[in-house]
Structure formats: structure tokens, C-alpha cells
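Values quoted throughout were computed directly from the atomic coordinates according to the rules given, and no laboratory measurement underlies them. Just so you know, these numbers come straight off a predicted model, no measurement behind them. Neighbour counts are summed over all protein chains in view; Cβ atoms, including those assigned to glycine, are modelled from backbone coordinates with ideal geometry.
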């Protein structure tokens with residue numbers, strides 16, 4: 001089956017090893033952000049429980065288990 | 001669909017990522033707005049139950065220190081922090097969506113960038129919201145035993161992975177079938193097999209106290225589902241819009257103003 005690809009200027013670049021590494025780094029950074037919002041209890045943010053408490057309501061309403 | 005000879009170079013990862021982050025910020029702020037109006041009243045109600053319970057406990061056991069500690073962040077601060085939480089979460093989800101789009105676009109068998117973007121966001125809504133939601137519905141404050149938080153967090157992460165595997169299984173299964181109705185059936189079967197096995201393997205968790213008002217639990221969970229649905233719906237449509245607007249720009253420029 002031929003692959004359907006688009007010709008639009010925003011169709012995606014070919015997946016090269018370099019792109020894969022960049023993508024991996026980006027996803028890692030994004031997961032770090034979600035970790036800070038959803039799971040951190042001060043260990044990574046170095047803010048004690050301040051950020052944890054600040055984002056408390058969001059965590060509950062985003063469906064993440066919390067205390 | 002034939003590639004036209006005059007097509008431009010594909011968008012860079014950076015251009016797509018920027019669109020994902022922007023769509024994510026918008027989605028996060030709108031999800032926060034929804035949560036502020038529909039979720040916060042339920043959180044307030046649950047917290048007052050939590051405080052009443054701890055006050056009653058303190059009264060029953062006077063030897064334990066009844067002195068209320070000053071909270072690290074006030075309730076008003078937490079309501080502002082809600083937007084920080086959903087905004088950051090949205091940005092991160094947008095970045096992940098844009099990366100997935102970049103890596104998977106050529107494997108998605110549709111000529112439409114819009115459909116590809118919407119399809120990925122829809123798959124995420126199913127895999128990381130709806131599948132986890134049924135097994136581990138979100139709980140308001142005053143529900144949940146602090147001693148089991150690690151186990152609950154691990155189970156939650158496991159169900160996120162299972163949800164994504166289930167969506168992937170649906171796609172793989174439907175591609176093995178020759179006709180349209182058989183593809184639809186195979187997708188459902190592939191999805192359900194993974195979800196049912198995952199649900200069966202993971203532990204059941206029910207820590208809702210018998211005294212917690214059921215209608216408050218129900219409306220909190222509905223508000224949480226609404227928040228997450230707003231997040232992924234706006235993210236999907238926003239990212240699709242930014243991707244397809246970008247690709248139509250040259251055509252518009254070609255039309256004399």
C-alpha cells in the first residue's frame with residue numbers, strides 16, 4: 001500500500017536520526033514539566049512543597065492522584 | 001494523492017513544535033477556565049468536608065496538636081495556581097502532540113494534515129483520559145489515603161501506558177483487515193483486548209469514605225472529565241488549525257488582495 005503523504009508546506013520532515021534525538025530531548029523536557037505539575041513534591045523543583053501546593057487544584061481536576 | 005512538483009520543503013520540527021506549544025497554552029488556559037468555574041466549587045466543598053473531619057478528630061483527641069498550621073498557599077493562591085498547573089500541563093501536552101505528529105505524520109494514512117492532527121489528539125483523549133478515567137476516576141480532596149499515594153501514582157502511570165497501547169493496538173488491528181466494516185470491528189476488538197487485560201491486571205482502588213456525599217463525588221468527577229476533555233479538544237482543534245492554516249497560507253498569498 002503506498003504511503004499517503006501530503007505536499008503541503010507544513011507536511012513533516014523526513015525522520016532522520018538527528019530528528020529522533022531532538023524529538024526525544026523535547027519529549028523528555030515536556031515530561032519533566034508534566035512531572036513538576038502532576039507528581040513532584042519538592043524533590044525536583046527545590047521549592048519545598050510550595051509549587052506542589054500552588055498547583056494542588058489543577059492536579060485534582062486534571063485527574064492525577066493526589067494525597 | 002500525487003505529490004505536486006512545486007511543493008515546498010516540509011515544515012521543520014521547530015515550526016511544528018511552536019504550533020503545538022501555542023495550541024497547548026491556549027488549551028491549558030481554557031481548561032483552567034472551565035475548571036475554575038465548574039471544578040473549584042466542588043474542590044471548595046470537598047475541602048470544607050476535609051477540614052470538618054480533621055477538626056472533629058482534633059476535638060476527639062485533644063492530646064494531638066490541634067494547632068492549625070498556616071497553609072503554605074492560601075485557597076485563593078491555589079485557585080490562581082490552577083491556571084499555572086493547567087497552562088503548564090497544556091504546553092507540555094502540546095509539545096508532546098507536536099512531536100508525535102512530526103514523527104508519525106507519514107505513517108498516518110490520510111492526505112489531510114487536519115485529520116492527522118485531530119486523529120492524534122482524539123487518540124490521546126481516548127488513551128490518556130477516558131481509559132484511565134474508567135479504571136481510576138479522579139478524586140476530590142478528602143478522598144484518598146496519603147499512605148497509598150505511591151501505589152496509586154504507579155497504577156495511574158501504568159493505566160496511561162495501557163491506554164496508549166490500546167489505541168496503538170486498535171490502529172494495528174484495523175490495518176490488517178481488507179474491508180471497512182472489518183477494519184472498524186478489528187479496531188474495537190484490538191482496543192478492548194488491551195483495555196480489559198489491563199483493567200484486570202491492575203489493582204482496584206476505592207478509597208472513598210462512606211460518609212463522603214455521593215452527589216459531590218459525582219459532580220467533581222464530571223468537572224474533572226470536563227476539564228480534561230476541554231484540554232484535549234481545544235489542543236487538537238487548535239493544533240489542527242495552526243497546522244492547516246500554515247499550509248494554506250501560500251495559496252492565500254497567491255490570490256490578489
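Descriptive notes on the structure:
- Förster-model FRET efficiency, 41 Å R0, residue A:50 and residue B:18, C-beta, rounded to 0.05: 0.85
- For chain B, the relative contact order comes to 34 percent (Cα pairs under 8 Å, sequence separation of at least 6).
- Largest GNM mean-square fluctuation among B:124, B:223, B:186, using chain B with Cα springs under 10 Å: B:186.
- Projected label distance in nm at residue B:161 and residue B:208, using a 7 Å step from Cα toward the beta-carbon: 2.9 nm
- Among B:134, B:230, B:195, residue whose mean-square fluctuation peaks in a GNM of chain B (springs only between Cα atoms under 10 Å): B:134
- Relative to the current alpha-carbon distance between residue B:199 and residue B:215, full extension at 0.36 nm per residue lengthens the span by 3.2 nm.
- With a Förster radius of 41 Å applied to the beta-carbon distance between residue B:145 and residue B:172, the computed FRET efficiency rounds to 0.60.
- Folded to 0 to 90 degrees: helix B:113-124 orientation relative to chain B principal axis, Cα: 30 degrees
- Measuring between their Cα centroids, the stretch B:220-245 and the stretch B:110-134 lie 10 Å from each other.
- Calculated FRET value between residue A:43 and residue B:74, using beta carbons and R₀ = 25 Å, to 0.05: 0.60
- Per-residue [θ]222 nm for chain B (sum of -39500 (n - 2.57) over DSSP H runs n ≥ 4, rounded to 500): -24500 deg cm²/dmol
- The angle between the Cα long axis of helix B:214-254 and the longest principal axis of the Cα atoms of chain B comes to about 20 degrees, rounded to the nearest 10.
- Most mobile of B:80, B:238, B:119 in a GNM of chain B (Cα contacts under 10 Å): B:80
- Counting only alpha carbon atoms, the long axis of helix B:13-34 and the longest principal axis of chain B meet at about 40°.
- Contact order relative to length of the stretch B:144-207, as percent, for alpha carbon pairs under 8 angstrom and 6 or more apart: 38 percent
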